[in-house]
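Here's the structure we're looking at; comments come further down.
The values are calculated or read from the model by the stated rules, or taken from the named source; none is laboratory data. Since the model is a prediction, treat every value here as computed from it, not as a measurement. We place every Cβ from the backbone using ideal geometry, glycine too, and count neighbours over all the protein chains shown.
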Amino acid sequence: MTVIAKAKRFTIRTYRKSDAPSLAKNINNKTINAALGNEVPYPYSLNDARSFIEKTMKEARRKKPDNLSFVIDIDGEVAGAVGFGSIAGHKAELGYWLAEKHWGRGITPEAVKLITRFGFNELGFHRVYARVFPFNKSSMLVLEKAGYSKEGYLRKEYMKNGKLMDSYIYAKVR
Ligand SMILES: CC(C)(COP(=O)(O)OP(=O)(O)OC[C@H]1O[C@@H](n2cnc3c(N)ncnc32)[C@H](O)[C@@H]1OP(=O)(O)O)[C@@H](O)C(=O)NCCC(=O)NCCS
């Protein structure tokens, strides 16, 4: 387990096998599931958590990983996650979620700032972007608070649960 960044209220760190129960408990939420761009199981079982963690730990060991996911740790629990997907040289896509019990306290904007800084300084990115469904005002606020700029509107960008969905795209560059 590696610590990526420490804040007053949380730590950003890599996953460990014992994270499965708190990951399964906290991500198993209809609102979170509907907001995520990739297809995440719902309901989310302990086995889903175990296989996600195994896959994530394996991916992180690769020389050139396609994605890197990190835990937002509060009191030893997976309170949420931040990470990069579609890693392609100088750029990557940001993703995140936070357990509902922690919403509204500015934890995600702070975590997004820290992980973006890590992406720029340690992973060598020059562009980090995020795609957000139009209904997800909270997430757009998170990105604005973390210094991201809205770049555009992508029509029929996603096929989610058999439905075509538009999205906004935000980015931060350095
Ligand atoms: C979007 C999300 C990460 C926000 O995290 P957070 O740490 O609560 O962020 P903030 O504290 O800055 O709150 C952001 C906004 O959420 C809204 N919000 C706050 N508390 C809330 C609550 N209890 N319920 C619903 N919305 C709430 C507010 O509009 C808030 O903005 P404001 O503080 O300027 O009023 C979190 O709601 C989440 O995990 N949502 C589902 C997953 C998701 O959307 N991921 C991103 C996909 S692009």
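Could you tell me which residue of the stretch 137-174 is modelled with the lowest pLDDT, considering only residues that are polar (S, T, N, Q) and farther than 19 Å from Lys113 by Cβ? Even if it seems obvious, please write down each step before you answer.
From the stretch 137-174, those polar (S, T, N, Q) are 138-139, 149, 161, 167; that's our starting set.
Then keep just the ones that are farther than 19 Å from Lys113 by Cβ; that gives 161, 167.
Numbers: Asn161: 90, Ser167: 98.
If we take residues in the stretch 137-174 being polar (S, T, N, Q) and farther than 19 Å from Lys113 by Cβ, then Asn161 is modelled with the lowest pLDDT.
Go through (1) of a type in the set (A, V, I, L, M); (2) more than 16 Å from the ligand (Cβ to nearest atom); (3) touching a strand residue (DSSP E or B) at 6+ places or on another chain (Cβ under 6 Å); (4) under 24 Å from Ile72 (Cα atoms) one by one and return the number of the condition Ile87 breaks.
Result: Ile87 passes all but (3).
Go through the stretch 107-116 and give me each residue that's in contact (Cβ under 8 Å) with a residue 60 or more places away in the chain and in contact with a strand residue (DSSP E or B) (Cβ under 9 Å, 6 or more places away or on another chain). So that I can check it myself, show each step before the final result.
Taking the stretch 107-116 first, the residues in contact (Cβ under 8 Å) with a residue 60 or more places away in the chain are 107, 110-111, 114-115.
Correct list: Ile107, Ala111, Leu114, Ile115.
Do you know which residues across the stretch 90-109 are more than 18 Å from Gly37 (Cα to Cα) and either within 6 Å of the ligand (Cβ to nearest atom) or surrounded by 20 or more Cβ atoms within 10 Å (Cβ to Cβ) (or both)?
Across the stretch 90-109, the qualifying residues are Trp103, Gly104, Arg105, Gly106, Ile107, Pro109.
Looking at the structure I just gave you, is Ala49 touching a Pro at 6+ places or on another chain (Cβ under 8 Å), more than 22 Å from Leu123 (Cβ to Cβ), surrounded by 16 or more Cβ atoms within 10 Å (Cβ to Cβ) and not charged (D, E, K, R)?
Working: touching a Pro at 6+ places or on another chain (Cβ under 8 Å): yes; more than 22 Å from Leu123 (Cβ to Cβ): yes; surrounded by 16 or more Cβ atoms within 10 Å (Cβ to Cβ): yes; not charged (D, E, K, R): yes.
It is true that Ala49 is touching a Pro at 6+ places or on another chain (Cβ under 8 Å), more than 22 Å from Leu123 (Cβ to Cβ), surrounded by 16 or more Cβ atoms within 10 Å (Cβ to Cβ) and not charged (D, E, K, R).
So in the stretch 1-21, with the set limited to residues that are of a type outside the set (Val, Ile, Thr) and within 15 Å of the ligand (Cβ to nearest atom), which one is surrounded by the fewest Cβ atoms within 10 Å (Cβ to Cβ)? Spell out the reasoning first.
Filtering the stretch 1-21 for residues of a type outside the set (Val, Ile, Thr) gives 1, 5-10, 13, 15-21.
Cutting the leftovers down to within 15 Å of the ligand (Cβ to nearest atom) gives us 7-10.
Numbers: Ala7: 13, Lys8: 5, Arg9: 13, Phe10: 23.
Here the residue is Lys8.
Test Val71 against the criterion of being buried (at least 18 other Cβ atoms within 10 Å of the Cβ), touching a helix residue (DSSP H, G or I) at 6+ places or on another chain (Cβ under 7 Å) and over 25 Å from Ser22 (Cβ atoms), and give yes or no.
Numbers: buried (at least 18 other Cβ atoms within 10 Å of the Cβ): yes; touching a helix residue (DSSP H, G or I) at 6+ places or on another chain (Cβ under 7 Å): yes; over 25 Å from Ser22 (Cβ atoms): no.
Against the criterion (buried (at least 18 other Cβ atoms within 10 Å of the Cβ), touching a helix residue (DSSP H, G or I) at 6+ places or on another chain (Cβ under 7 Å) and over 25 Å from Ser22 (Cβ atoms)), Val71 does not qualify.
Could you list, in sequence order, the residues of the stretch 98-115 that are over 11 Å from the mean Cα position of the chain (by Cα), under 23 Å from Ala171 (Cα atoms) and not in a loop (DSSP other than H, G, I, E, B)?
Ile107, Pro109, Glu110, Lys113, Leu114
Criterion first (among the aliphatic types (A, V, I, L, M), touching a helix residue (DSSP H, G or I) at 6+ places or on another chain (Cβ under 8 Å), near the ligand (Cβ under 9 Å from one of its atoms) and not in a helix (DSSP H, G or I)) does Ala130 satisfy it?
Numbers: among the aliphatic types (A, V, I, L, M): yes; touching a helix residue (DSSP H, G or I) at 6+ places or on another chain (Cβ under 8 Å): yes; near the ligand (Cβ under 9 Å from one of its atoms): yes; not in a helix (DSSP H, G or I): yes.
It is true that Ala130 is among the aliphatic types (A, V, I, L, M), touching a helix residue (DSSP H, G or I) at 6+ places or on another chain (Cβ under 8 Å), near the ligand (Cβ under 9 Å from one of its atoms) and not in a helix (DSSP H, G or I).
Determine whether Ala24 is more than 15 Å from the chain's Cα centre (by Cα) and aliphatic (A, V, I, L, M). Full working, then the answer.
Working: more than 15 Å from the chain's Cα centre (by Cα): yes; aliphatic (A, V, I, L, M): yes.
Judged against the criteria, Ala24 is a match.
Hey, Lys137 hits all of (1) over 12 Å from the mean Cα position of the chain (by Cα); (2) away from the ligand (no atom under 11 Å from the Cβ); (3) within 24 Å of Ser167 (Cα to Cα) but one; which does it fall short on?
The number of the failed condition is (2).
Just name the residue that is surrounded by the most Cβ atoms within 10 Å (Cβ to Cβ) out of those in the stretch 113-127 that are touching a helix residue (DSSP H, G or I) at 6+ places or on another chain (Cβ under 9 Å) and under 11 Å from Lys91 (Cα atoms). Explain how you work it out, then say what you get.
Taking the stretch 113-127 first, the residues touching a helix residue (DSSP H, G or I) at 6+ places or on another chain (Cβ under 9 Å) are 113, 125-126.
So of that shortlist, the ones also under 11 Å from Lys91 (Cα atoms) come out as 125-126.
Working: Phe125: 23, His126: 12.
For the stretch 113-127, the residue satisfying everything is Phe125.
If a residue has to be over 16 Å from Leu143 (Cβ atoms) and either within 11 Å of the ligand (Cβ to nearest atom) or of a type in the set (D, E, K, R) (or both) to count, how many in the stretch 110-123 make the cut? Step through it out loud before you land on a result.
Taking the stretch 110-123 and keeping what is over 16 Å from Leu143 (Cβ atoms), we get 118, 121-123.
Next, from what is left, pick out any that are either within 11 Å of the ligand (Cβ to nearest atom) or of a type in the set (D, E, K, R) (or both): 122.
Looking only at that region, the number is 1.
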